[in-house]
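K.L.:
Right, I'll just put the structure down here and ask away after.
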Amino acid sequence: MDLAKIITDATQEIFETMIMVEVTPGEPAKENGQKHYCTVSGMVGLAGLFKGMIAIHAPDEVAKSITSSFLGMDVDEVNEDVTDAIGELANMLGGSVKMALSQNGKDITLSIPSTISGEEYTINCALDTDRVVMPFTMEPGKFMVELQVAKQE
């Protein structure tokens with residue numbers, strides 16, 4: 001199962017169709033427990049046939065740009081609009097990943113999206129999972145999409 005391809009396909013499709021922005025994927029990474037600085041992260045948990053989480057991590061400037069394009073309005077600070085937009089992106093990514101991992105999507109459920117933002121934080125998934133972090137580049141900078149999954153026995 002090519003997790004990097006699943007993330008790349010889902011991210012490019014969502015950004016092109018919902019945000020009207022082209023994003024360029026980089027090389028996948030597998031580092032764990034990366035610190036995030038001045039970043040907004042949106043996460044959705046997966047349960048059922050696969051368990052784990054998908055997250056998008058966008059530095060503040062990139063998160064504001066994504067939100068501006070997504071909502072069609074100027075955004076000059078990280079506020080509720082930004083955290084809501086990044087959470088909704090995580091939700092859409094979760095839906096795409098769910099369909100890619102499952103024949104009909106009915107044997108995987110998604111959690112409600114959650115977001116976190118701040119000057120410095122680390123997100124760790126306590127599960128023993130397959131993990132890939134895909135960097136993407138867009139006009140104002142880079143962001144990452146992280147997928148951690150384990151198939152239930």
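The values are calculated or read from the model by the stated rules, or taken from the named source; none is laboratory data. What you see is a predicted model, and the numbers here were worked out from it, not measured in a lab. Note that we place each Cβ from the backbone using ideal geometry, even for glycine, and neighbour counts take in every protein chain shown. Please note that ligands, DNA and RNA were not included when accessible areas were found on the heavy atoms of the full protein model with its side chains. Shrake-Rupley method; radii C 1.70, N 1.55, O 1.52, S 1.80 Å.
K.L.:
Just to confirm my numbers, what's the Cα centroid distance between region 1-52 and region 90-140 in Å?
P.N.:
6
K.L.:
What's the local net charge at Gln12, with K and R +1, D and E -1, over the other residues with C-beta under 12 Å away? Intermediate values should be presented prior to the final figure.
P.N.:
Numbers: positive: Lys5; negative: Asp9, Glu13, Glu16, Glu22.
Net of charged neighbours comes to -3.
K.L.:
Another one. What do you get for GluC sites (Glu not before Pro) in region 1-107 restricted to DSSP loop and a cutoff of at most 10 other Cβ within 10 Å of the site's Cβ?
P.N.:
Of the GluC sites (Glu not before Pro), the ones in loops of region 1-107 whose Cβ has at most 10 other Cβ atoms within 10 Å are Glu31, Glu77.
K.L.:
Looking at the chain, which longest stretch skips every one of the trypsin sites (Lys or Arg not before Pro) that is in a DSSP loop with at most 16 other Cβ atoms within 10 Å, leaving the sites themselves out? Let's see the in-between values first.
P.N.:
On the way: sites that count: Lys30, Lys106.
Longest site-free region, per DSSP loop and neighbour criteria: 31-105.
K.L.:
Counting only helical runs of four or more DSSP H residues, what would the 222 nm mean residue ellipticity of the chain come to if each run contributes -39,500 (n - 2.57) and the total is spread over all its residues?
P.N.:
Counting only the DSSP helices, I get -10000 deg cm²/dmol.
K.L.:
Count the lysine pairs in region 64-153 whose Cα atoms sit under 22 Å apart, keeping only pairs 8 or more residues apart in sequence or on different chains. If you can, show how the numbers build up before the last one.
P.N.:
Details: Lys64/Lys142; Lys98/Lys106; Lys98/Lys151; Lys106/Lys151.
So the count of such lysine pairs works out to 4.
K.L.:
Taking a probe of 1.4 angstrom, what is the accessible area of Leu89 in Å², to the nearest 10?
P.N.:
0
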